[in-house]
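Inspection log for the structure reproduced underneath, given as structure tokens.
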Amino acid sequence: DVNDDAPAMSDEIFGPILPVLPVRGPADAIEFINGRAKPLSLYVFTKEDSVAEDLLANTSSGGATVNHVILHCTVPGLPFGGVGESGMGAYHGRASFDLFSHRKSVLKKPFAVDPSAMYPPYTATNERILRTLY
């Protein structure tokens with residue numbers, strides 16, 4: 001019997017509390033979820049794979065578990081983290097390293113003038129020239 005506007009429905013919960021809200025159907029659940037800040041976790045309980053897929057495809061959350069709670073946090077290789085107001089990035093295993101690393105994209109081009117073969121129209125001869133140069 002939790003109300004939609006209860007603090008447990010708007011603040012992150014770090015304790016043994018799990019608000020459960022009945023909905024008339026998947027469309028109502030999607031509307032309810034999308035009407036609020038993105039949750040850190042989304043838990044879907046259903047026997048129908050299509051319902052789970054619909055909810056996962058049409059909502060955004062940091063992580064999700066189908067037919068269980070919090071289990072996704074316990075898998076070491078499965079990244080865990082938020083999106084939007086619930087946080088940025090993910091951690092666990094390689095995801096932790098990637099989160100605290102910055103991959104800088106760098107393209108290095110020789111200082112020389114671009115050969116005309118780099119630009120259309122592309123021909124077999126142009127391709128051969130470019131493969132030789134680069």
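The values are calculated or read from the model by the stated rules, or taken from the named source; none is laboratory data. Since we're looking at a predicted model, the values are computed, not measured. Glycine gets a Cβ as well: all are built from the backbone with ideal geometry, and neighbour counts include every protein chain shown. The protein model used for the area step is the full one, side chains on, heavy atoms only, and it has no ligands, DNA or RNA in it. Shrake-Rupley method; radii C 1.70, N 1.55, O 1.52, S 1.80 Å.
Computed values, structure above
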| quantity | calculated |
| --- | --- |
| Number of positions in region 28-53 that are farther than 19 Å from Cys73 by Cβ, within 21 Å of the chain's Cα centre (by Cα) and open to solvent by 70 Å² or more (accessible area, probe 1.4 Å) | 6 |
| Answer residue from region 54-70, given it is open to solvent by 50 Å² or more (accessible area, probe 1.4 Å) and touching a helix residue (DSSP H, G or I) at 6+ places or on another chain (Cβ under 9 Å) and is farthest from Ile30 (Cα to Cα) among those | Asn67 |
| Residue that is farthest from Val2 (Cα to Cα) [pool: residues in region 17-27 that are open to solvent by 50 Å² or more (accessible area, probe 1.4 Å) and without any contact (Cβ under 8 Å) to a residue 12 or more places away in the chain] | Ala27 |
